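Novice: Let me give you the structure first, and then I'll get to my questions.
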Amino acid sequence: MSAKLTVHTTPSQDATCFETYWTTGRKQGIVKTSLADSIDQDRPIIAELSAIHFLLSHQHLLGEGRAGNQMEIEVTFGAIRKLSMGSSTKGHLMNHGKFLLTRYADAKVTVSKDTTWIVPERAINRVEALDINEPLAEIVDVAGVGSVSVSYHLLDRMMQRANYASITAAWQHLCKMLCGGQLARVALPPSVAKHKADKHGSTGIHLKALRDHWHFVIAQSGPRPTLVTAYVRL
């Protein structure tokens, strides 16, 4: 089923704060984004990218586990469309916009300055606050582990190591394996476990998919565990 998210971002009196109005169907809302002082270039664009990523991946606005297929995202800035097409020359936007080149690579991104759809009385009923110090992580719920960040390196590895038709296909297969409860923990040999603990401070969590040949490694450092790599072992 196709779905569309429309956003429009406006500045506030504070140079680091922005309001992104959004709508899908009849629903409307606002994401109020505060950027760290260290983010000093293209602030409105980064605020809008952060709001879109937050709505799609963290709030599951268009559906949980959704990728970019049959999705349209209407944005305020042409720079976001360029970023989604891989033609942006603004390197400082890349980490904030990688989600458009990976999980949502198949989404159609369009640009519009139209604001006639905004109904403040409706939008004010769904207000979220977002503080951005660094790019938002992509996340997935792993059975038996919980909410886990997904490194973009992992999606690249999956594309390299299997013949997926698209990044969307790789993402959907990843979610199927991780969220479906068909995983088993792998116990490392003591010598290997000690080596990894000495090198990384933790052995991490090693998983294998019971119905596929995929293995996964989750690092436990940072505020949220991170799925750092995937490999095939026959």
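Novice: When only residues in segment 21-72 that are part of a helix (DSSP H, G or I) and of a type in the set (Gly, Ala, Ser) count, which is nearest to THR102 (Cα to Cα)?
Specialist: Applying the filter and picking the extreme gives SER57.
Novice: Shifting gears a bit: Only one residue in ILE139, ILE124, ILE80 is over 13 Å from the mean Cα position of the chain (by Cα) and either surrounded by 13 or more Cβ atoms within 10 Å (Cβ to Cβ) or closer than 24 Å to CYS175 by Cβ (or both), so which one is that?
Specialist: Within the list ILE139, ILE124, ILE80, the selection yields ILE80.
Novice: Another question, if that's okay. Among the numbered criteria (1) closer than 24 Å to GLU121 by Cα; (2) open to solvent by 30 Å² or more (accessible area, probe 1.4 Å); (3) within 21 Å of the chain's Cα centre (by Cα), which single criterion is violated by PHE18?
Specialist: Result: PHE18 fails condition (2) only.
Novice: Please go through (1) at pLDDT 95 or above; (2) buried (at least 21 other Cβ atoms within 10 Å of the Cβ); (3) farther than 14 Å from THR9 by Cβ; (4) not polar (S, T, N, Q) for LEU61 and return the number of the only condition it doesn't satisfy.
Specialist: Only one criterion is unmet by LEU61, namely (2).
Novice: If you don't mind, another one. Quick one: what pairs do we get from segment 128-156, first residue touching a residue at least 24 places away in the same chain (Cβ under 8 Å), second of a type in the set (Asp, Glu) and open to solvent by less than 30 Å² (accessible area, probe 1.4 Å), C-beta under 6 Å, 6+ apart or different chains?
Specialist: So the pair list comes out as VAL150/GLU138.
Novice: Just to verify a result, which residue in segment 105-118, among those that are touching a residue at least 60 places away in the same chain (Cβ under 8 Å) and open to solvent by less than 50 Å² (accessible area, probe 1.4 Å), is nearest to LYS82 (Cα to Cα)?
Specialist: For segment 105-118, the residue satisfying everything is ALA105.
Novice: While we're looking at this one, here's another question. Output the number of residues of segment 2-15 satisfying the condition of being open to solvent by 60 Å² or more (accessible area, probe 1.4 Å) and in contact (Cβ under 8 Å) with a residue 40 or more places away in the chain.
Specialist: 2
The values are calculated or read from the model by the stated rules, or taken from the named source; none is laboratory data. Please read these numbers as outputs of a predicted model, since none were measured by experiment. Methodologically, a virtual Cβ is constructed for each residue, glycine included, from the backbone with ideal geometry; neighbour enumeration extends over all protein chains shown. These area figures cover heavy atoms from the full protein model, side chains too; ligands, DNA and RNA do not enter into them. Shrake-Rupley method; radii C 1.70, N 1.55, O 1.52, S 1.80 Å.
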